[in-house]
Structures are given as C-alpha cells and as structure tokens.
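Down below is the structure, laid out as structure tokens.
The values are calculated or read from the model by the stated rules, or taken from the named source; none is laboratory data. Given the structure is predicted, the values throughout are model-derived calculations rather than measurements. Heads up, the Cβs are rebuilt from the backbone with ideal geometry, glycines too, and the neighbour counts pull from every protein chain shown.
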Amino acid sequence: MIRPFPRSAVPRRLRLLLLLAPLHACERGPAVPAPAAAPYLDPSRPVDARVADLMSRMTLDEKLGQMAMVERTALPGDRAADLAAHGLGAVMSGGGSAPEPNTAAAWAEMYDDFQRAALGGRLRVPVLYAVDAIHGHNNVRGATIFPHNVGLGATRDPELLRRIGEATAAEIAGTGVDWTFAPCLCVARNERWGRSYESFGEDPEIAVSLATAVTGLQGARIGGSASSVLATAKHFLGDGGTTGGVDQGDTRLGEAELRRIHLPPFAEAVKRDVGAVMVSYSSWNGVPMHGHRYLVTDVLKGELGFRGIVLSDWGGIDRLDGAPHFSAADVRDAVNAGIDMVMVPVAYADFLEKLRAGVDSGAVPQERIDDAVRRILTRKFQLGLFERPFADRSLTATVGSAEHRALAREAVRRSLVLLRNDGVLPLRRTARVFVAGRHADDVGLQSGGWTLTWQGAAGDVTPGTTILAGIRAAVEGGGSVTHAPDGRGAAGHDVAVVVVGEGPYAEYAGDRTDELGLDPPDAVVLDRVRASGVPTVVVLVSGRPVVVTDRLPAWSALVAAWFPGTEGAGVADVLFGDHPPRGKLPVSWPRSAAQLPLNVGDPGYDPLFPYGFGLTYP
Ligand code: GLC
C-alpha cells in the first residue's frame with residue numbers, strides 16, 4: 001500500500017524554506033546603464049564574443065547572481081525587483097507551483113512580469129524560467145499530459161519521443177517558460193524506487209535511444225525555433241541504481257558497472273547538446289553526487305565534453321555536510337565540484353553571500369565562477385532571450401491542442417503492453433461491457449504523480465478523457481457499458497474490464513518496501529468480479545510492475561497501461577482492436593518482490609514476464 005504522502009508537507013517544505021528568505025541585500029553593481037550599442041547586445045556577433053563582452057562588464061556580484069535559481073514563491077510581487085538587484089540567473093516552479101488562475105495565459109503573464117523585472121537590471125540580462133514538464137507541461141491546467149516515461153519506454157520508438165518533445169516544447173514556450181527539467185535519463189534497476197516510472201527502463205539501451213526527447217524539446221539547435229526550450233538530462237549519476245531502490249540513496253557499484261549501466265544515456269544527451277544536466281541527490285559509494293568533482297567535472301565536463309549548465313537539484317547542496325541548510329562549506333564544495341547553477345531555492349541572499357565569501361577567500365577560484373557564468377550566459381544567448389525575452393503568445397494556443405492530444409493518444413496506444421490474452425481481446429463493439437475499478441473513471445489516477453501538483457491526486461485534476469469514457473465511445477450497436485467502481489453487478493455481461501493499480505506519487509513518497517502487490521481495495525473489486533464468472537480483462541494503471549502472479553490464471557487478459565496521462569481513449573483503441581498492442585516491457589516483471597532487484601542479464605533470471613515481452617493480436 002502506498003503511504004499517502006502528507007501533502008501538508010509540501011507547503012510546509014516551502015514555508016520552512018521561505019523562513020530562510022533573504023533578510024539583507026548584497027552589494028549592487030555600479031549604477032551605470034549598459035550602452036545600447038554594446039557588442040553583447042548585437043545578435044549578429046558570435047555567441048562566444050557576446051558572452052565575453054558581457055562578462056567583461058559584469059561585477060563579481062552580478063556574475064554570482066547568475067548562479068542562483070530561485071523558486072517563484074521566494075519572489076512574490078514586491079520582491080520580484082530582487083531579480084535585478086541580485087542579477088538572479090533563473091526562476092523556477094517547483095511541482096505544482098502555479099499562478100492563480102492556473103491557465104496558460106496566466107503563466108505567460110507571470111513569466112513576462114518576472115522577465116520585465118530582470119531586464120530592469122543594469123546590464124539588462126534576461127532571466128531563465130524552468131519547470132518540471134516531465135510528461136507534458138504538467139503544471140499547467142489544460143495542458144496535454146503524455147504517458148510517463150516507463151510507458152514511453154515500452155514503445156521503443158525514438159521518433160515518437162522526438163515528436164512528444166517537440167509538442168511539449170511548444171506548450172512550454174507558449175507559457176513563456178524557457179527550460180524543462182526533463183528528460184529523466186535515469187536507469188531504474190529496482191522497482192521499489194518511487195521514481196521508477198520516470199525511467200524509460202532497466203536497460204540503458206532504451207534511454208540512449210529515446211534521448212531523442214532532447215532533440216524534440218530543443219530542436220536541431222538550441223534557439224533554432226520559437227518553441228525551442230532547454231532540456232535537462234537528469235539525475236547525474238546513478239540515481240536509479242541505489243541499494244534497495246531507496247530514493248536519494250547510495251549507489252554501490254564499481255566504476256566499470258556505473259559507466260556501463262548509468263553513463264550511456266548522458267553521453268547521448270551530451271552528443272545532442274542537451275542544455276543542462278541536473279545532479280542527483282544520490283551518492284556513489286558513499287560520496288554525494290553534489291560534491292563529486294571527479295564525475296561532474298572530470299567525466300561529465302571533461303571526458304564527455306559537456307558545454308551546458310550543471311544544475312543542482314532542489315536544495316541538493318544543503319546535505320553535503322550532513323547538516324540541514326547549506327553551509328559555506330557546502331556552497332564551496334558544490335561549486336568547486338563543477339555545479340554551475342544552484343537550485344537554492346529560497347534563501348538566495350544567504351547563498352550569494354556565502355558564495356561571495358568563498359571567492360573573496362580564494363576557496364572558490366575566479367576561474368570556476370567564470371566557467372559557470374560563461375555556460376549560463378551561453379545558453380541565454382543561444383535561446384535568443386536577449387532578442388526575444390517575452391512569452392511568444394502565438395504558441396499559447398498549442399497548450400492542450402487537439403493535435404497534441406491526438407499525439408498523446410497515439411503514445412498511449414503504443415505504450416500498452418499485452419501480458420496475457422486467452423482470446424477475449426480484442427473486444428467486440430457490440431459487447432455488453434461491465435467496467436469496474438477505481439482507476440476506470442479518474443484522470444488524476446491515470447496521470448500519476450507530477451500532474452498539476454507534485455504528488456498528483458485523484459479526481460478531475462485537468463481536462464482529459466478517462467479510460468471509461470474511451471470505452472463508452474468505442475461501444476456501438478447493441479453494445480452497452482455498465483460502470484460500477486466497486487465491481488458489484490457484473491453477472492450477465494459479456495466481459496468485465498477492471499481498471500486498478502497504484503495511486504499517484506512522486507520521488508521518495510513512492511518508494512515501496514512492501515510486497516509490491518495490489519492495493520487491498522482493488523483486490524476486493526477483483527474478487528467480486530471474479531465471483532460473477534464473467535471473463536475479466538484487467539487493465540493495470542501503475543508506475544511499475546505489480547505482483548499479480550497468484551491472480552493471473554483467473555484473468556482472461558492483462559494489459560499494463562502504466563500512467564497513460566489525459567488521453568485515456570488510447571486504452572480503448574487497443575482493447576477494441578482499432579490498433580493492436582505493440583508495447584514491449586521496458587522492465588522485468590517479477591514473480592514476487594523477493595526477486596528484486598531483477599534485471600535482464602541477471603544470473604538465474606526468472607521473471608513472470610521478461611524484459612522485452614509483449615503480446616499482440618493474431
Ligand atoms: C525534485 C526532483 C527533481 C526536480 C526538482 C525540481 O526534488 O529531484 O527531479 O526537477 O526537484 O522540482
């Protein structure tokens with residue numbers, strides 16, 4: 001049973017951080033405005049020349065400000081001026097942090113307000129705005145919500161991922177936002193991990209092939225089109241390999257195994273000039289990634305030649321010394337390890353003060369600062385922010401468009417994996433269909449975590465089509481659909497479709513230490529339907545395999561639907577045979593939780609369904 005995450009903790013988390021909000025300003029640069037004809041403002045000049053000219057004009061404090069990313073709630077209206085005063089490099093929305101009303105137009109207004117504040121600075125350096133758009137622009141009500149990565153991994157379709165990235169980028173850019181913390185290129189090795197669904201699968205080959213998502217989001221070249229946004233490969237390195245699948249835990253591997261399993265997707269993302277790389281909360285053999293100079297600087301920047309922004313995770317530098325809140329040592333060690341921008345996310349004056357002290361004392365070399373700022377400004381110039389700083393309202397209408405929803409529906413179809421079928425599928429459109437299960441008529445449950453809020457929630461959280469609505473639309477002629485979430489009344493129907501699975505969750509709230517079985521209420525519904533004797537099709541909505549070994553023989557069919565997102569009609573497209581199932585398991589399906597971790601290639605590998613398994617129709 002997933003422990004329902006105390007949602008009150010999320011506001012508390014932000015409230016706690018707000019208490020640390022800046023209590024004093026830092027030095028301001030000289031008041032001399034930049035000359036309008038300054039070379040850095042001339043778009044005909046090469047980016048590196050513009051960067052060099054701008055940096056030559058910046059004070060140390062103006063450079064340091066660029067290295068801070070701040071949550072939007074730390075800059076309420078009256079403090080937005082701090083953007084210019086501190087020369088902050090970026091603003092972000094944490095999961096669910098949205099303007100009210102939460103509409104695409106309101107996001108674009110909010111973005112422009114922050115940008116106007118930033119451009120009030122002496123050198124008029126625009127600010128970057130970043131969000132977790134990890135399965136569509138999922139913070140925005142009305143946006144298209146695509147299947148989560150585990151489902152997209154089942155498609156094994158690089159071109160589909162590029163198209164999804166392209167559509168998502170248009171919706172992101174239509175709200176002004178410049179940067180998404182996606183794709184997660186994590187390789188989940190133990191399904192107990194609460195972030196397994198953010199992984200494309202257990203073998204790095206899938207994440208390498210689906211890194212086309214980066215090109216979809218950025219386009220062939222960063223800034224090459226109005227809808228180009230910065231992508232982020234995350235979380236570097238080994239976040240999916242922790243012992244026991246514990247989120248933010250320790251990945252205990254030799255270097256050869258770490259490189260074989262977890263590094264290839266990042267190498268591919270770097271080849272695609274990914275805008276940023278986010279560092280993992282996890283550790284490698286006991287050393288926290290946020291302080292890991294060898295992997296962040298020598299391997300990522302040196303060996304792989306990464307030229308973009310290395311970004312910390314949310315408060316990720318705080319824990320380097322084991323104590324809460326970041327110390328001067330944490331700031332020093334994280335920046336010296338190679339982190340270029342710190343997701344503070346609230347106490348930015350304190351962060352800048354400690355970073356300034358580190359530079360003044362020589363603990364943080366000036367060259368390190370210049371490398372970080374050069375990377376940040378390079379991405380800003382490449383995006384065209386100095387020429388086009390405000391939201392492109394011509395793209396706002398793409399948010400939740402029929403075209404994008406059709407693409408998401410196609411992705412749902414392609415993500416489904418048919419694990420068992422005694423011939424009951426495909427269903428006849430004229431059948432008398434009984435539909436049960438709490439996930440059948442719930443857009444929130446079918447979308448999972450990172451949907452409108454950080455943890456996600458059941459209910460009509462955003463416009464979409466439920467799996468039940470898709471089934472209703474597919475039945476015709478003498479057919480009928482009876483919906484009873486509790487499973488009572490199945491007798492007399494031709495077939496029962498029971499839609500059950502996991503509730504929404506994100507990050508550590510999704511870690512499971514139990515037997516990975518069905519939730520008890522779902523088991524009751526399944527027992528009730530089974531007692532009716534009606535052939536049962538089980539549709540499993542989950543972020544990972546669920547242990548169903550004992551129940552499987554009683555089912556006529558089993559479909560893994562993962563977290564399909566807003567376009568639930570894609571499930572009916574397959575159930576009724578408009579499109580055959582084509583998904584292949586991106587993860588091994590265990591017989592029991594005792595087998596975990598269970599990955600293809602393991603000695604004695606004996607899953608219930610193997611990696612790559614998936615049936616189709618005759
Ligand atoms: C979270 C996640 C990271 C996300 C970031 C900003 O803690 O680890 O994936 O991008 O914070 O929301």
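So here's what we get for this one:
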{"read-out": "Residues being surrounded by fewer than 16 Cβ atoms within 10 Å (Cβ to Cβ) and assigned to a loop (DSSP other than H, G, I, E, B) - total across the stretch 42-78", "value": "7"}
{"read-out": "Residue match in the stretch 225-237 (condition: touching a residue at least 40 places away in the same chain (Cβ under 8 Å), of a type in the set (Val, Ile, Thr) and outside the structural domain of LYS380 (by TED's automatic domain parsing))", "value": "no"}
{"read-out": "Residue check for ALA211: crowded, with 24+ Cβ neighbours inside 10 Å and within 15 Å of the ligand (Cβ to nearest atom)", "value": "no"}
{"read-out": "Residue under evaluation ARG319, criteria (1) surrounded by fewer than 20 Cβ atoms within 10 Å (Cβ to Cβ); (2) in contact (Cβ under 8 Å) with a residue 40 or more places away in the chain, criterion not met", "value": "(2)"}
{"read-out": "Residue list for the stretch 155-196, restricted to those being of a type outside the set (A, V, I, L, M) and farther than 30 Å from ALA397 by Cβ", "value": "ARG156, CYS186, ARG189, ASN190, GLU191, ARG192, TRP193, GLY194, ARG195, SER196"}
{"read-out": "Some residue of the stretch 336-346 being crowded, with 19+ Cβ neighbours inside 10 Å, at pLDDT 95 or above and farther than 19 Å from VAL277 by Cβ", "value": "yes"}
{"read-out": "The lone exception for VAL279 - which of (1) closer than 22 Å to ARG195 by Cα; (2) surrounded by fewer than 18 Cβ atoms within 10 Å (Cβ to Cβ); (3) touching an Asp or Glu at 6+ places or on another chain (Cβ under 7 Å) it fails", "value": "(2)"}
{"read-out": "Test: GLN66 is at pLDDT 95 or above, away from the ligand (no atom under 16 Å from the Cβ) and out of contact with any Gly (no Cβ under 6 Å at 6 or more places or on another chain)", "value": "no"}
{"read-out": "Residue within the stretch 83-90 that is in the same structural domain as LEU352 (by TED's automatic domain parsing) and assigned to a strand (DSSP E or B) present", "value": "yes"}
{"read-out": "Flag for ALA52 being out of contact with any helix residue (DSSP H, G or I) (no Cβ under 7 Å at 6 or more places or on another chain), at pLDDT below 95 and either assigned by TED's automatic domain parsing to the domain that holds ASP132 or not β-branched (Val, Ile, Thr) (or both)", "value": "no"}
{"read-out": "Some residue of the stretch 325-339 being within 16 Å of the ligand (Cβ to nearest atom) and part of a helix (DSSP H, G or I)", "value": "yes"}
{"read-out": "Which listed residue, of ASP82, ASP42, ASP112, ASP61, is more than 16 Å from the ligand (Cβ to nearest atom), more than 22 Å from LEU355 (Cα to Cα) and more than 28 Å from the chain's Cα centre (by Cα)", "value": "ASP42"}
{"read-out": "All positions within the stretch 301-324 that are out of contact with any His (no Cβ under 8 Å at 6 or more places or on another chain), assigned to a loop (DSSP other than H, G, I, E, B) and either not small (Gly, Ala, Ser) or not assigned by TED's automatic domain parsing to the domain that holds ARG379 (or both)", "value": "LEU304, PHE306, ARG307, TRP314, ASP321, PRO324"}
{"read-out": "Count of the stretch 550-564 residues which are under 21 Å from LEU407 (Cα atoms) and out of contact with any strand residue (DSSP E or B) (no Cβ under 8 Å at 6 or more places or on another chain)", "value": "0"}
{"read-out": "Only listed residue being touching a residue at least 60 places away in the same chain (Cβ under 8 Å), among the charged types (D, E, K, R) and in contact with a Ser or Thr (Cβ under 8 Å, 6 or more places away or on another chain), chosen from ARG307, ARG252", "value": "ARG307"}
{"read-out": "Single unsatisfied condition, GLY153 versus (1) within 15 Å of the ligand (Cβ to nearest atom); (2) within 27 Å of PHE609 (Cα to Cα)", "value": "(1)"}
{"read-out": "Odd one out for LEU445 among (1) in a strand (DSSP E or B); (2) among the aliphatic types (A, V, I, L, M); (3) in contact (Cβ under 8 Å) with a residue 60 or more places away in the chain", "value": "(1)"}
{"read-out": "Residue in the stretch 229-249 that is touching a helix residue (DSSP H, G or I) at 6+ places or on another chain (Cβ under 7 Å), among the charged types (D, E, K, R) and either within 16 Å of the ligand (Cβ to nearest atom) or at positive phi (or both) present", "value": "yes"}
{"read-out": "Identity of the residue in the stretch 267-311, of a type in the set (S, T, N, Q), touching a helix residue (DSSP H, G or I) at 6+ places or on another chain (Cβ under 8 Å) and under 23 Å from GLY245 (Cβ atoms), that ends up farthest from the ligand (Cβ to nearest atom)", "value": "SER283"}
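Per-residue answers, yes or no, for (1) on the phi > 0 side of the Ramachandran plot; (2) of a type outside the set (D, E, K, R); (3) touching a helix residue (DSSP H, G or I) at 6+ places or on another chain (Cβ under 8 Å); (4) modelled with pLDDT under 95:
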site: SER8; (1), (2), (3), (4): no, yes, no, yes
site: LEU14; (1), (2), (3), (4): no, yes, yes, yes
site: ALA34; (1), (2), (3), (4): no, yes, yes, yes
site: ARG57; (1), (2), (3), (4): no, no, yes, no
site: ASP61; (1), (2), (3), (4): no, no, yes, no
site: GLU71; (1), (2), (3), (4): no, no, yes, no
site: ASP82; (1), (2), (3), (4): no, no, yes, yes
site: LEU88; (1), (2), (3), (4): no, yes, yes, no
